[in-house]
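Undergrad: Supplied in structure tokens, the structure appears directly below.
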Amino acid sequence: MTEQRKILITGGAGFIGSHVVRLFVKKYPAYRIFNLDKLTYAGNLENLHDIEKSPNYEFIKGDITDAEFINRLFQEKQFDGVIHLAAESHVDRSIVSPMDFIITNIVGTVNLLNAAKMIWLNPNTQITNPKFYQISTDEVFGSLDQGGYFTEKTSYDPRSPYSASKASADHLVRAYGHTYKLPVLVTHCSNNYGPYQFPEKLIPLAINNIRNSKPIPVYSKGENVRDWLYVEDHALAIDLVFHKGNSGDHYNIGGFNEWKNIDLIHLLCNIMDKKLGREAGASAKLITFVTDRPGHDLRYAIDSTRISNELGWKPSLQFEEGLEKTVDWYLSNTEWLEHVTSGAYQHYYDQQYHHR
């Protein structure tokens, strides 16, 4: 029989978090899965409509920057696992208002670490095999030239307020592991894509704009290169690392799918033309080059050899296949997309939870 675990997933109403919550709720019926989310603009409980009534799932609305609340929550629930995804994550927003990123991504992470330390390192607490798992990003490593890949030995070189805040959080997680012997894990992932992604990000923004025949904004000449990882493959990797990774382990998770932004957009335009029955090349006419983002890193690419060799993980989808699945999902879920773009999704919590 599967052991009873109490796992806190922070940011579980967000894009990646909702996929992790769904996977754990469905795969581990004996676990208790707690989803803690503040429900900022990027938190959307409609992402989890299909599992919200599952007997092993509980949603908690709350803010990781509130230390008193977090300490009380850990005391009450006695979590033995934390998968920490809650973060401000949009680079452009971090350039405009960096302090939001400092408070959420750094102070919020320390609050969680302190609360975990308080119960896990208490000799009177009956918790075995606890794990604090920090989900980070490849952006902490800075920018690559045309050659080479980020590995687990790559030095940190964050270039934006967002990546600097995530790098700070990573260092603090490892410091708590080293100083207090808190059992910690860290992974860095490349750019995720797939269902339920908030349409400020490149792929869903482009899909939505093409659908509505609006301009598709592309920074500079679209020469920036990113490695793309299908979100469900990332969730499976997180599951593997949480269950099989040892304290202090560190893995990079990438899709081995490097694409220039402009090539990605052209591929997306071709797929959308076919799906929408438009003349070939119609959507590409919507491409609009805009002023580049300040400090825009040229290239990110991750070497996932270690997680592949040690834990047996590898991405299941090639990018073209994953992108087609993603387009199909957005075109089949236009109500979800319209709720997000109109802001209607922000009333879901009040409608569904307040009367319970």
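Undergrad: Only counting other Cβ atoms within 10 Å, I'd like MET272, MET118, MET99 sorted with the fewest neighbours first.
TA: Numbers: MET272 23, MET118 14, MET99 10.
Exposure proxy ranking, most exposed first: MET99, MET118, MET272.
Undergrad: Calculate the spin-label point distance for HIS243 paired with THR334, positioning each point 7 Å from the Cα along the beta-carbon direction, and give it in nanometres.
TA: Reported label-point gap for THR334 and HIS243 is 3.9 nm.
Undergrad: Could you work out the mean projected area of the convex hull around the alpha carbons of segment 206-265, in square nanometres to one decimal? Please list the in-between numbers first.
TA: Details: hull surface 22.8 nm².
The orientation-averaged projected area of the Cα hull of segment 206-265 comes to 5.7 nm².
Undergrad: Can you spot the aspartates and glutamates whose alpha carbon is less than 16 Å from LYS325's alpha carbon? Ignore those fewer than 8 places along the same chain.
TA: GLU232, ASP233, ASP273
Undergrad: Right, something else. Whole percent per 5 Å bin, from 0 to the bin with the longest distance: what is P(r) over all C-alpha pairs of segment 66-127?
TA: So the P(r) values, bin by bin, are 3, 17, 24, 20, 13, 10, 7, 3, 2, 0.
Undergrad: Between ASN124 and TYR180, how many nm apart are label points set 7 Å from Cα along the C-beta direction?
TA: According to this spin-label approximation, the distance is 1.8 nm.
Undergrad: Arrange VAL218, VAL82 by Cβ neighbour counts within 10 Å, fewest through most, would you? Numbers along the way, then the final one.
TA: Details: VAL218 20, VAL82 25.
Listing VAL218, VAL82 from fewest to most nearby Cβ atoms yields VAL218, VAL82.
Undergrad: Further question on the same structure: Listed highest first by mean packing, meaning other Cβ atoms within 10 Å per residue, what order do 52-63, 223-234, 173-184 come in?
TA: Numbers: 52-63: 15.2, 223-234: 22.0, 173-184: 17.6.
Packing order, densest peptide first, comes out as 223-234, 173-184, 52-63.
Undergrad: Taking θ = phi - 60°, what integer Hz values does the Karplus form 6.51 cos²θ - 1.76 cosθ + 1.60 yield along segment 257-271, in sequence order, with x for Gly and Pro?
TA: For segment 257-271, the Karplus curve yields 10, 8, 9, 5, 3, 5, 5, 4, 5, 5, 4, 4, 4, 4, 4 Hz.
Undergrad: I would also like to ask the following. Which residues' amide hydrogens lie under 5 Å from the amide hydrogen of GLY81, considering only partners 5 or more residues apart or on another chain, with H built in the peptide plane?
TA: LYS6, LEU8, LYS131
Undergrad: Below 8 Å, C-alpha to C-alpha, sequence gap of six or more: please give me the relative contact order for the chain in percent. Intermediate values should be presented prior to the final figure.
TA: Numbers: 659 pairs, mean separation 60.9, N = 356.
Relative contact order of the chain: 17 percent.
Undergrad: Ranking request for peptides 10-16, 336-342, 248-254: highest mean number of other beta-carbon atoms within 10 Å first, then the rest in descending order.
TA: Working: 10-16: 26.9, 336-342: 16.4, 248-254: 21.7.
Ranked from most to least packed, the peptides come out as 10-16, 248-254, 336-342.
Undergrad: Please compute, for the alpha-carbon atoms of segment 148-210, the extent along each of the three principal axes and give them in descending order in Å.
TA: That works out to 51, 27, 21 Å along the principal axes.
Undergrad: Length gain on complete extension for the stretch SER143 to LYS314, per 0.36 nm per residue less the alpha carbon to alpha carbon distance? It would help to have the intermediate numbers written out before the result.
TA: Numbers: separation 171, 0.36 × 171 = 61.56 nm, distance 2.38 nm.
Length gained between SER143 and LYS314: 59.2 nm.
Undergrad: Report, in deg cm²/dmol and to the nearest 500, the calculated mean residue ellipticity at 222 nm for the chain, where each DSSP H run with n ≥ 4 adds -39500 (n - 2.57) and the sum is divided by the residue count.
TA: Working: 13 runs with 143 residues, N = 356.
That calculation yields -12000 deg cm²/dmol at 222 nm.
Undergrad: If you compute P(r) over Cα pairs in 10 Å bins from 0, in percent for the structure shown, which of [x] 6, 26, 35, 22, 6, 3, 2, 0; [y] 5, 23, 28, 20, 11, 5, 3, 2, 1, 1, 0; [z] 5, 24, 35, 25, 9, 2, 0 do you land on?
TA: [z]
Undergrad: Please give the peptides 310-316, 41-47 ranked by average Cβ packing (other Cβ atoms within 10 Å per residue), highest first, as a rough proxy for protection. Show your work: numbers first, answer last.
TA: Working: 310-316: 15.6, 41-47: 21.6.
With the highest mean Cβ count within 10 Å placed first, the list reads 41-47, 310-316.
Undergrad: Average projected area of the Cα convex hull of segment 230-291, in nm²? Don't skip to the end; give the middle numbers.
TA: Working: hull surface 26.8 nm².
Its average projected convex-hull area is 6.7 nm².
Every number here is computed from the coordinates shown, using simple stated rules; none is lab data. All values derive from a computational prediction rather than experimental measurement. Note that each Cβ is placed from the backbone with ideal geometry, even for glycine, and that neighbours are counted across all protein chains shown.
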